[in-house]
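Asker: Got a structure for you, questions after.
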Amino acid sequence: MKVLVIEDKLMHQNSARETLAGHDLTVVDSFAKAIEVLTKEKFEAVLTDMNLPMSKMALHDEAFNPSEQVSYGFVLALLAAKHGAKYIAMLTDTNHHKGAMSAAIDCIAPTYYEWGEGGMHAGKPTVFHINDATAVFVHTPFLEDFLPDSDCIYCHGTGLCPTCDGTLISNWDKEACWCTREDRAHHKSKCGTCNGTLKYMKSVYERKDWGRVLKDLLENKEK
């Protein structure tokens, strides 16, 4: 499938290349480049970030602020539909407590990305049909990345069991600490997360999972 991704952050561009591997993928990083490529080429799917750096298009010099983020994603979604895209998604990773437009998306999509039944935040985004395109506007799902040798935040740099501070007596109920249990013997008096090394594998959710959204869009679009 010929897919266009519009995203200004490098880590999200890289995640697009990872999660959309196997597609004929084009990635652009600005509103101006997106306008140019959308008017010159045909894409079956267009996936865009919501906020992109301000474009100088039609602006007076005093109005242009390159550090300001603008919600161009809505315009790009409509333009993609105008130019024949069949599958369109706008993904934002802006915290809805810190961005008014991100908060407004709560009205048409779950705050935590879900598509289907079940889960703590069950629900699915509103599916829009625009010029024969199927479109969604969602809070992004994230990839899980693992960072090796991350500093342990649970034992506060001591390497000791945070429940008993290495005393083997729980700070909570003054009974034998959980780290003394037979099935935990290898952690005895040590932090159960880093085993006393002060380092552990940390799970981080930061990069957009573009592939998941496109898959859901293809599989769950409303007829």
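Asker: Give me the pairs, please: first residue somewhere in the stretch 21-41 and aromatic (F, W, Y), second residue anywhere and crowded, with 18+ Cβ neighbours inside 10 Å, beta-carbon distance under 6 Å, and either six or more positions apart or on two chains.
Answerer: Once the first residue is aromatic (F, W, Y) and sits in the stretch 21-41, its partners that are crowded, with 18+ Cβ neighbours inside 10 Å give F31/L52; F31/Y72.
Asker: Can you find, within the stretch 72-110, the residue that is surrounded by the most Cβ atoms within 10 Å (Cβ to Cβ) among those that are more than 17 Å from the chain's Cα centre (by Cα) and not hydrophobic (A, V, I, L, M, F, W, C)?
Answerer: So, considering only residues that are more than 17 Å from the chain's Cα centre (by Cα) and not hydrophobic (A, V, I, L, M, F, W, C), the one surrounded by the most Cβ atoms within 10 Å (Cβ to Cβ) is Y72.
Conditions tested, residue by residue: (1) assigned by TED's automatic domain parsing to the domain that holds A135; (2) of a type in the set (V, I, T); (3) buried (at least 17 other Cβ atoms within 10 Å of the Cβ); (4) outside any loop (DSSP other than H, G, I, E, B).
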site	(1), (2), (3), (4)
A21	yes, no, no, no
L38	yes, no, yes, yes
L59	yes, no, no, no
E62	yes, no, no, yes
N65	yes, no, no, no
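Asker: Residue pairs, Cβ under 7 Å, 6 or more apart or interchain, first in the stretch 118-131 and more than 14 Å from N220 (Cβ to Cβ), second surrounded by 14 or more Cβ atoms within 10 Å (Cβ to Cβ) and modelled with pLDDT of 95 or more. List them.
Answerer: Going by the 7 Å Cβ cut-off, the qualifying pairs are I130/L78; I130/A81; N131/A81.
Asker: Pairs needed: first member in the stretch 72-86, assigned by TED's automatic domain parsing to the domain that holds K33 and on the phi > 0 side of the Ramachandran plot; second member anywhere, outside any helix (DSSP H, G or I) and surrounded by fewer than 24 Cβ atoms within 10 Å (Cβ to Cβ); C-beta distance under 9 Å; at least 6 residues apart or different chains.
Answerer: G84/K42; G84/F43; G84/E44; G84/N131; G84/D132; G84/A133
The values are calculated or read from the model by the stated rules, or taken from the named source; none is laboratory data. Everything numeric in this text was worked out from a predicted model, so none of it was measured. We place every Cβ from the backbone using ideal geometry, glycine too, and count neighbours over all the protein chains shown.
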